[in-house]
Amino acid sequence: MKYWRKVHKWLGFVVAIQVLLWISGGVVMSVLPIEEVRGKHLLVPISDSIQPQNTVLSETLSLNQWQSINWHLRGNKWIIKATGFDGQTKWLDPSSGQPVGHLSKTEINSIATSRHVNQVEVAAIYNLEQIPFEVRHLATPLYQVNFDDWINSTFYINPQSGDISSVRSDIWRLYDFFWMLHIMDYQEREDFNHPILIIAALLSLAFTMTGLLLIYFSIIKPWYARVKYRTKARV
């Protein structure tokens, strides 16, 4: 038992910090509602009942050119979302059939403030040339709109469609930090199968198994020996 106690102790030294981080990450991820992490609670939903009115389609807009054509509300104006047979999406002006221009910062500001549920002030708007790490799945062109609220909420808006492509806040950033610690992927924060995590998991398993062995040698085995001794004594 002395050998297993020593093994258990050293394994505990090695894995204690990571086990604490795993537990802390689990607590944070279970406490924070996932909808708030994703920022859905910050967005005013767009009503499905809104329909395009008094909007004329251009004769140059050939239906045979596109796999699908749909109306799309950009701010307070209707545009066309046209998807080609190659899967590429184009945003078109319904009156001319030509691609729409990028929204100005003033228009982006209007869209962002109208969609934020708390109607808070915009602190800054950036026309991004490089994608921040927190929205690494997106691509330029992209606007970043920072709000002046207590959770530093941020909208990332497509300058052509006017869609809010992603919402970030300090709630998401806190979740993401503990997610990184939880899966031990300190770069991309996506890989569950990297060697560091596998080694840590195996060491934690070994720590648990040696703990069970100590329980057996220090509690179960002596108890069984006492029961066996008393049974023989009665006989």
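The values are calculated or read from the model by the stated rules, or taken from the named source; none is laboratory data. Because the structure is a prediction, the values reported are computed rather than measured. Cβ placement follows ideal geometry from the backbone for every residue including glycine, while neighbour counts extend to all protein chains displayed.
Side notes on the structure shown:
- Region 67-104: number of residues that are over 28 Å from the mean Cα position of the chain (by Cα) and either under 9 Å from S161 (Cα atoms) or not in a loop (DSSP other than H, G, I, E, B) (or both): 12
- K2 among the charged types (D, E, K, R), modelled with pLDDT under 90 and more than 30 Å from G97 (Cβ to Cβ): yes
- Restricting region 134-173 to residues that are closer than 25 Å to Q98 by Cα and of a type in the set (G, A, S), the residue that is surrounded by the fewest Cβ atoms within 10 Å (Cβ to Cβ) is A139.
- Y175 assigned to a strand (DSSP E or B) and either within 16 Å of the chain's Cα centre (by Cα) or not assigned by TED's automatic domain parsing to the domain that holds V28 (or both): no
- Just so you know, in region 96-114 the residues that are surrounded by fewer than 14 Cβ atoms within 10 Å (Cβ to Cβ) and among the hydroxyl-bearing types (S, T, Y) include one that is nearest to F155 (Cα to Cα), and it is S114.
- Condition broken by V122, with the remaining ones in (1) under 24 Å from I34 (Cα atoms); (2) surrounded by 14 or more Cβ atoms within 10 Å (Cβ to Cβ) satisfied: (1)
- The selection criterion, being farther than 30 Å from S204 by Cα, surrounded by fewer than 17 Cβ atoms within 10 Å (Cβ to Cβ) and modelled with pLDDT of 85 or more, does not hold for K81.
- Inter-residue pairs, beta-carbon under 9 Å, first in a loop (DSSP other than H, G, I, E, B) and in region 190-210, second of a type outside the set (V, I, T) and modelled with pLDDT under 75, 6+ apart: D191/L197
- Evaluation of I131 against (1) exposed (fewer than 15 other Cβ atoms within 10 Å of the Cβ); (2) part of a loop (DSSP other than H, G, I, E, B); (3) free of Cβ contacts under 8 Å to residues at least 12 places away in the same chain (one fails), failing number: (1)
- Filter pass, G75 being modelled with pLDDT of 80 or more, surrounded by 14 or more Cβ atoms within 10 Å (Cβ to Cβ) and not assigned by TED's automatic domain parsing to the domain that holds E134: no
- Qualifying residue in region 182-200 (condition: of a type in the set (G, A, S), surrounded by fewer than 12 Cβ atoms within 10 Å (Cβ to Cβ) and either closer than 19 Å to E35 by Cα or modelled with pLDDT under 75 (or both)): no
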